[in-house]
Amino acid sequence: MTSHLIGAFLEMMSAERGAAKNTIDAYRRDLSDYAGFVAGRQMTLITVQRETVNAYLDRLRLDGLSASSAARRLSAIRQFHRFLCADGIRSDDPTRIVASPKSRRALPKVLSIEEVERLLVTAEAEANAEPTPEKQAGALRLYVLLELLYATGLRVSELVSLRRSAVMRDTSYLTVRGKGNKERVVPLNDRARDAIKTYVATMEPGPFLFPASGAEGYLSRQVFGRDLKLLAGRAGISSARVAPHVLRHAFASHLLAGGADLRVVQMLLGHADISTTQIYTHVLDEKLRTLVETHHPLAE
């Protein structure tokens with residue numbers, strides 16, 4: 001019964017809300033762990049009460065799970081119980097007044113503009129210098145991935161799965177299908193546009209911009225992340241500071257520091273809620289402070 005209920009919920013999340021495979025897999029793991037805890041308390045997902053949900057959160061804390069990870073699990077549990085109520089499987093929601101674990105949201109790690117430029121210069125030089133066609137193809141792919149990531153701020157899953165048909169209007173824009181299967185149009189700068197043109201001219205026919213031999217048909221996030229860290233080392237930057245999401249953060253932070261509107265950055269990142277984009281407001285705070293200190297007539 002438990003697996004049937006979780007399966008029905010996950011099917012709804014996939015079919016009706018367009019949840020990505022990674023999200024579905026995470027929900028399955030979280031709900032299976034929760035269901036096991038509930039069963040250990042001699043209850044079912046239909047009879048579990050608020051006290052047990054709180055006890056589960058206490059166990060997560062004692063196990064050393066961070067507040068943000070526990071809050072993510074609670075979010076999955078909330079959505080699951082709301083699903084049960086909406087389908088009339090149970091009449092009450094035991095998570096309705098359960099407090100979410102709180103943590104101070106960490107500011108995103110960001111590379112400086114100079115460090116990003118060093119990564120790009122290193123990647124471009126390697127793409128032009130590799131001695132064999134096979135190595136050059138891999139180096140060119142990495143360079144194009146990096147140019148696109150910093151030019152657009154795409155999520156890594158959106159980036160590696162791009163279809164060739166996503167490149168539109170003489171490579172001036174990309175059409176991106178993001179979370180919830182929502183589509184958005186993202187402009188490309190001249191460097192990214194030129195990199196794509198060069199790259200596409202070397203490709204064999206196929207549906208994906210970054211094809212690979214795996215089951216999905218395109219480059220995996222893990223392979224790109226590994227290649228990016230290795231590139232960082234060759235560029236003289238600590239690999240621990242570099243990952244695809246760090247380049248996404250750099251894209252947003254550097255745009256805001258340059259005067260971009262927060263709503264525009266929200267649209268480009270594909271955030272459904274501007275509160276998600278507001279993790280970058282520390283950039284605006286610093287910019288405003290600098291402006292006041294520089295231009296206020298009484299500033300020392």
Listed residues 167, 9, 274: farthest to the positive end of the dipole of the chain (Cβ charges): 9
Dipole in debye (nearest 20) - region 113-295, about Cα centre, beta carbon charges: Lys, Arg +1; Asp, Glu -1: 480
Cut-off 12 Å between beta-carbons: net charge of the residues surrounding residue 160, Lys and Arg +1, Asp and Glu -1: +1
Nearest-ten-degree value, helix 281-295 long axis tilted from longest Cα axis of the chain: 50
Residue 163 long-range amide H proximity, modeled H, under 5 Å: 209
0 to 90° range, to nearest 10: angle between helix 50-62 axis and the chain longest Cα axis: 50
Net charge contributed by nearby residues that have their C-beta within less than 9 Å of residue 95 (K/R +1, D/E -1): +3
Förster radius 41 Å - calculated FRET efficiency between residue 59 and residue 87, Cβ distance, rounded to 0.05: 0.90
Summed side-chain charge close to residue 116 - residues other than residue 116 whose Cβ falls under 13 Å, Lys, Arg +1, Asp, Glu -1: 0
At most 14 other Cβ within 10 Å, DSSP loop - GluC sites (Glu not before Pro), region 138-224: 216
Principal-axis tilt of helix 67-86 within the chain, Cα atoms, nearest 10 degrees: 60
For the chain, calculated [θ]222 nm from helices alone, where every DSSP H run of n ≥ 4 adds -39500 (n - 2.57): -19000 deg cm²/dmol
Relative contact order, percent, the chain [alpha-carbon distance under 8 Å, six or more residues apart]: 16
1.4 Å probe accessible area per residue over region 1-123, in Å²: 57
Accessible surface of the chain [probe 1.4 Å, protein heavy atoms]: carbon and sulfur percent: 53
Karplus-derived HN-Hα couplings along region 207-213 (A = 6.51, B = -1.76, C = 1.60, θ = phi - 60°), whole Hz, x at Gly and Pro: x, 9, 6, 10, x, 8, 8
Distance cut-off 24 Å, percentage of C-alpha pairs in region 113-295 lying past it: 39
Cα gyration tensor category, rounded, prolate or oblate, for region 1-87 with a/c compared to 1.5: oblate
Set 182/229; 109/229; 21/135; 102/182; 135/182 screened for pairs whose C-alpha atoms are more than 25 Å apart: 182/229; 21/135; 102/182; 135/182
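The values are calculated or read from the model by the stated rules, or taken from the named source; none is laboratory data. All of these numbers come straight from a predicted model, not from anything done at the bench. Neighbour counts run over all protein chains shown; Cβ positions are idealised from the backbone, glycine included. Ligands, DNA and RNA are stripped out before the accessible areas are found, and what is left, the full protein with its side chains, is counted by its heavy atoms. Shrake-Rupley method; radii C 1.70, N 1.55, O 1.52, S 1.80 Å.
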